[in-house]
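In what follows, a structure is listed as structure tokens, so that the remarks can point back to it.
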Amino acid sequence: NGKKNPFSLSFGRIPPEYIVRSNVIERVVETFMNDPVTVQNYIITGVRGSGKTVTMTAICDRFKETPNWHVIKISPLDDILKVLLKQLQTICGYLHITKSVFNIGIPSLLNISVEKDASVELDINTQIDSLLEKLSNKNQNILVSIDEITDTTQMRKFSSALQMFITNNRPIYFIGTGLFEEIDKLKNIPNLTFLYRTPKLQMTPLNIIAMAQAYQRSFKISEGQAHTMANMTKGYS
């Protein structure tokens, strides 16, 4: 009849009809908003098409509507720390929080040689940490989301920095998605097991009854037809 499937996914956007994974969404929201804070990062894993990105989008939307929370979405292909710094500066400017500029100097008498890239990375991490401290003083929280995590240099740098920020009790939280085999690669990197040890939320098949009810409501079909359709999906919308 030419109508589009209301359950079709399109680049991670929440479709017109969405069979919500309430258990996953509520677990992340409640954990991040819990006092005292015990967990500040989660990774959603699962097979392709299992709804990882859509679920992460739903979680981000919840926090966008929550006072004192700011969501920063970053592409895994970007220079993650530079994008994070820029976004934090924008948020601090919006909140009229004074930004600080850091200059890392090395006494010439010490004759110490430091690689340029290493010094720049340290400067970025220091600036981010300082801005997060200022946001903490204003009771502001930052949620960073990255879709389709892979083992890249940028992810390694971000993982190392994120571990430092969390250790410093900064109000930064992380939610990411990734295939298990990509996350698994991180465990073999020396001194960088933080993301690998991050709590995982596995996207299991959807509840068949919930799917049938959604199909029956959306397509105006009989209960039997709806159950047949749901069973055909094997739990994946």
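Below is a table of values for the structure above.
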{"item": "Nonlocal amide H pairs with Asn41, under 5 Å, H built at 1.01 Å", "result": "Phe174"}
{"item": "Long-range HN-HN contacts of Lys73 with modeled amide H, under 5 Å", "result": "Ser145"}
{"item": "Placed amide H near Glu148: partners under 5 Å, 5+ positions off or other chain", "result": "Thr177, Gly178"}
{"item": "Per-residue HN-Hα couplings for the range 199-204 [Karplus 6.51, -1.76, 1.60; θ = phi - 60°; Hz; x = Gly/Pro]", "result": "x, 9, 10, 7, 7, 7"}
{"item": "Distance in nm between pseudo-label sites at Asp184 and Thr126 (7 Å out along the Cβ direction from Cα)", "result": "4.1"}
{"item": "Difference of contour (0.36 nm per residue) and Cα-Cα distance, Asn231 to Glu26", "result": "71.2 nm"}
{"item": "Under Karplus coefficients 6.51, -1.76 and 1.60, residue-wise ³J(HN,Hα) of the range 141-154 in Hz, glycine/proline x", "result": "10, 10, 10, 9, 10, 9, 9, 6, 5, 9, 7, 10, 4, 5"}
{"item": "Computed E for Lys82/Thr38 - FRET, C-beta separation, R0 35 angstrom, nearest 0.05", "result": "0.70"}
{"item": "28 Å Cα-Cα threshold exceeded, pairs from Lys64/Lys220; Lys86/Lys157; Lys138/Lys185; Lys82/Lys185", "result": "Lys64/Lys220; Lys138/Lys185"}
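Each reported figure results from applying straightforward, stated rules to the coordinates on display, with no laboratory input. Keep in mind it's a predicted model, so treat the numbers as computed, not measured. Positions of Cβ are backbone-derived with ideal geometry, glycine not excepted, and every protein chain shown enters the neighbour counts.
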